[in-house]
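Let me begin by presenting the structure, written as structure tokens, before commenting on it.
The values are calculated or read from the model by the stated rules, or taken from the named source; none is laboratory data. The shown structure was predicted, so the numbers you read here are calculated from the model rather than taken from an experiment. Because the Cβ atoms are built from the backbone with ideal geometry, glycine has one as well, and the counts that use them run over all protein chains shown. The accessibility values were calculated without ligands, DNA or RNA, using every heavy atom of the protein model including side chains. Shrake-Rupley method; radii C 1.70, N 1.55, O 1.52, S 1.80 Å.
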Amino acid sequence: MTIMVPAMALVFLANLLILTAAGAEFVRDLEVSEGAPVGTKIGFIGDGASLDSGPPYLIVPVGVAVDSDLSIDQNTGEIRTKVPLDRETRASYSLVAIPMSGDNVKVVVKVLDENDNAPKFPSSLMNIEFPENTPRDVKRTLHPARDLDLDIFNTQKYNIISGNTNNVFRLSSHRERDGVLYLDLQINGFLDRETTPSYSLVIEALDGGTPPLRGEMTVNITIQDVNDNPPVFNQSRYFATIPENTTVGTSVLEVIATDGDAEQNGQIEYSINRRQSDKDNMFRIDPSSGVIFVNKPLDFEMKELHELVIVAKDHGLQPLEATAFVSIRVTDVNDNQPTINVIFLSDDATPKISESAQPGEFVARISVHDPDSKTDYSNVNVTLSGGEGHFGLTTRDNIIYLVIVSLPLDRELQPNYTLDVVATDTGTPPLHASRTINLHITDINDNAPEFEQRTYNANVMEVSDPGTSVIQVVATDKDEGNNSAITYSLVDYPENHSGWFHIDARSGLVTTRAHVDCETDPLPRLTVVATDNGFPPLSSSATVLVTIHDVNDNEPIFDQSFYNVTVAENEAEGRCIIKVGVLGIEVR
């Protein structure tokens, strides 16, 4: 195996051989503080007690930087600094001084450490997290500060200098074999995200100098939420009063609970405890808002007081809940109000009328009844509103009312109407009942299809194969259902060569049915008809002008296949002797 030796090492080995050959060696130890001013006297090579003959000396450096960092006087043996020394860069220098006679002197200059480096954290900011239920004394390792100095000048301790509200945290440290003072952050108190969701600790590292040098790091601590807070109602008991004629869906009151936790742990869902209350589902509660609604018709004579047990539960993995009590008192009212019964006179007894209905035609039959006046129905007044004047109300006995058409209807303009029927008695206070009628206007086939254009222009080459697309026409129909289903067709005009073309009955795409011929008809004129599926059907038409572009598909043809000419022998030069024709073209 070949060992590669650097050039500097070869120099050192050569010097060592010289020294070894020269004889015995005396070791001289000198010290100097790092950072000493340039020219500082370190000492002399000889100490006066060695057996060497003293200066002058032959100086042999051992290692590097001796010549660049130290000034050595060969004649006096005095050693001074040539540059400011830095222990962290080079901790010692070695050289051998060879006197004229006597023992060689090995000089070792040791650079003494000064406190010229402050502790330094690897980063100025660190982010960590603790769940709020973290027990005391739990540790989290932080980045330690490192100090290039030695021993007492190295990092000696850590302090929290700000941000430690209520001393919730404390620091602990320990030194490892590598000399680094490692740092841990420990829980010293109780964490509560709802009180303090985060901390920003400023931590300092100090060395043992006088005065000590410092380094700082900011530690941002986020306290993570746990589900440690149950929902809390703003009242333990709620009260409400509603009349017995309150309509289903009416809101009664709102319960409010709050949860100090965050996100899912603080999201509340409301419910009614059906095992302990409201087994008949007379009320319901919105699970998100806590608003209680009437769910079924109420009756004072059946039950005057409803007691509900409301539960508020959060969405934590182990949900917490709280309960509150709601007392809802139902008050008595004059509930013998008029009743309204509506019978629709359509074929299937649903609220609809044809748009073809004429003024005076019946829409619905309305009967009213008021138990408070069993024999005198004239005490009930019935009114009709809505419909924009297209509908009216008529009666002969104030018992049976008829909803009639007042103005012509047009489904395409207004397909639905909302009518409100109100029956009011003459009691004190008067009671009334209302009924909303959502009336649908049914379609009749009163609109013919309409093309997007009255005239379409298309182009096709006369060499196109059958089935080539020519143009697509589009028609729409304002009616609905079958009345708006459109079928396309071509009017068969042989003189216009419509047989050359075909139209798809559903899409309106016009294609070639056969080969077209520009010489026969260069501009066929097609009539397209769009017919709806109503009864009776309605239709409209549009014109398609097709331009057939010519190609050179006919060779010249003489008007005769054989010509016989007689020419006199003395005929003058240049005289025409025959005229022939090619498809109407004369050739001389």
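Contact annotation: residue pairs with Cβ atoms under 6 Å, 6 or more positions apart or on different chains, pairing a residue in segment 566-579 that is open to solvent by less than 100 Å² (accessible area, probe 1.4 Å) with a partner that is at pLDDT 75 or above and not aromatic (F, W, Y), are I577/V565; I577/V567; I578/V565.
Of the residues making up segment 427-448, those that are of a type in the set (D, E, K, R) and assigned to a loop (DSSP other than H, G, I, E, B) number 2. Could you check V27 against (1) open to solvent by 80 Å² or more (accessible area, probe 1.4 Å); (2) at pLDDT 70 or above; (3) aliphatic (A, V, I, L, M) and say which number it fails? Here V27 meets the rest and fails (1). Considered as a group, the residues in segment 411-426 that are modelled with pLDDT under 90 and open to solvent by less than 30 Å² (accessible area, probe 1.4 Å) include one that is nearest to V368 (Cα to Cα), and that residue is A423. Do we find that T222 is in contact with a Ser or Thr (Cβ under 8 Å, 6 or more places away or on another chain) and open to solvent by 50 Å² or more (accessible area, probe 1.4 Å) in this structure? Considered against the rule, which asks whether it is in contact with a Ser or Thr (Cβ under 8 Å, 6 or more places away or on another chain) and open to solvent by 50 Å² or more (accessible area, probe 1.4 Å), T222 comes out as yes. For segment 449-476, a residue qualifies if it is among the aliphatic types (A, V, I, L, M) and not in a loop (DSSP other than H, G, I, E, B), and the qualifying residues are A458, V460, M461, V470, I471, A475. Here V64 meets each of (1) outside any strand (DSSP E or B); (2) at pLDDT 90 or above; (3) touching a helix residue (DSSP H, G or I) at 6+ places or on another chain (Cβ under 9 Å) with one exception, condition (2). For segment 91-143, the tally of residues that are in a strand (DSSP E or B) and of a type outside the set (D, E, K, R) stands at 22. Given the criteria within 30 Å of T331 (Cβ to Cβ), over 33 Å from the mean Cα position of the chain (by Cα), among the aromatic types (F, W, Y) and open to solvent by 50 Å² or more (accessible area, probe 1.4 Å), does F239 qualify? Against the criterion (within 30 Å of T331 (Cβ to Cβ), over 33 Å from the mean Cα position of the chain (by Cα), among the aromatic types (F, W, Y) and open to solvent by 50 Å² or more (accessible area, probe 1.4 Å)), F239 qualifies.
Taking segment 291-305 as the range and being open to solvent by 10 Å² or more (accessible area, probe 1.4 Å) and part of a strand (DSSP E or B) as the test, the residues that pass are V291, F293, L305. For the residues S288, S277, the requirement of being more than 25 Å from V330 (Cα to Cα), assigned to a loop (DSSP other than H, G, I, E, B), among the hydroxyl-bearing types (S, T, Y) and without any contact (Cβ under 8 Å) to a residue 60 or more places away in the chain singles out S288.
Applying the selection to segment 67-87, what residues are in a strand (DSSP E or B), touching a residue at least 40 places away in the same chain (Cβ under 8 Å) and of a type in the set (D, E, K, R)?
Result: R80, single match.
With G163, G179, G260 as the choices, which residue is modelled with pLDDT under 90, in contact with a Leu (Cβ under 9 Å, 6 or more places away or on another chain) and open to solvent by less than 80 Å² (accessible area, probe 1.4 Å)?
Working: G163 fails: modelled with pLDDT under 90; G260 fails: in contact with a Leu (Cβ under 9 Å, 6 or more places away or on another chain).
Exactly one of G163, G179, G260 is modelled with pLDDT under 90, in contact with a Leu (Cβ under 9 Å, 6 or more places away or on another chain) and open to solvent by less than 80 Å² (accessible area, probe 1.4 Å), namely G179.
For the condition surrounded by fewer than 19 Cβ atoms within 10 Å (Cβ to Cβ), within 16 Å of T339 (Cβ to Cβ) and in contact (Cβ under 8 Å) with a residue 40 or more places away in the chain, T383 qualifies.
Here segment 312-326 is the region considered, the condition is being in contact with a Pro (Cβ under 9 Å, 6 or more places away or on another chain) and in a strand (DSSP E or B), and the residue that is most open to solvent (accessible area, probe 1.4 Å) is E321.
The residues on offer are R90, R136, and the sole one that is open to solvent by 40 Å² or more (accessible area, probe 1.4 Å), touching a residue at least 24 places away in the same chain (Cβ under 8 Å), under 27 Å from D151 (Cβ atoms) and of a type in the set (K, R) is R90. Would you confirm, using the coordinates I've provided, whether A423 is in a strand (DSSP E or B) and farther than 25 Å from G392 by Cβ? Spelling it out, it is not the case that A423 is in a strand (DSSP E or B) and farther than 25 Å from G392 by Cβ. Contact map, segment 401-417: residues that are touching a residue at least 60 places away in the same chain (Cβ under 8 Å) paired with residues that are among the polar types (S, T, N, Q), Cβ distance under 9 Å, separation 6+ or inter-chain. Pairs shown: R411/S354; R411/T442; E412/N447.
Against the criterion of being modelled with pLDDT under 90, of a type in the set (V, I, T) and either exposed (fewer than 14 other Cβ atoms within 10 Å of the Cβ) or touching a Leu at 6+ places or on another chain (Cβ under 6 Å) (or both), T395 qualifies.
So that you can scan it fast, the table gives a plain yes or no per residue for (1) open to solvent by less than 50 Å² (accessible area, probe 1.4 Å); (2) within 22 Å of E450 (Cα to Cα); (3) in contact with a strand residue (DSSP E or B) (Cβ under 7 Å, 6 or more places away or on another chain); (4) not acidic (D, E):
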| site | (1), (2), (3), (4) |
| --- | --- |
| N483 | yes, yes, yes, yes |
| C518 | yes, no, yes, yes |
| P524 | yes, no, yes, yes |
| G534 | yes, yes, no, yes |
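Considering segment 485-514, the residues that are farther than 26 Å from M461 by Cα and β-branched (V, I, T) include one that is surrounded by the most Cβ atoms within 10 Å (Cβ to Cβ), namely I486. Tallying residues that are in contact (Cβ under 8 Å) with a residue 60 or more places away in the chain, open to solvent by 50 Å² or more (accessible area, probe 1.4 Å) and closer than 13 Å to P55 by Cβ within segment 93-112 yields 0.
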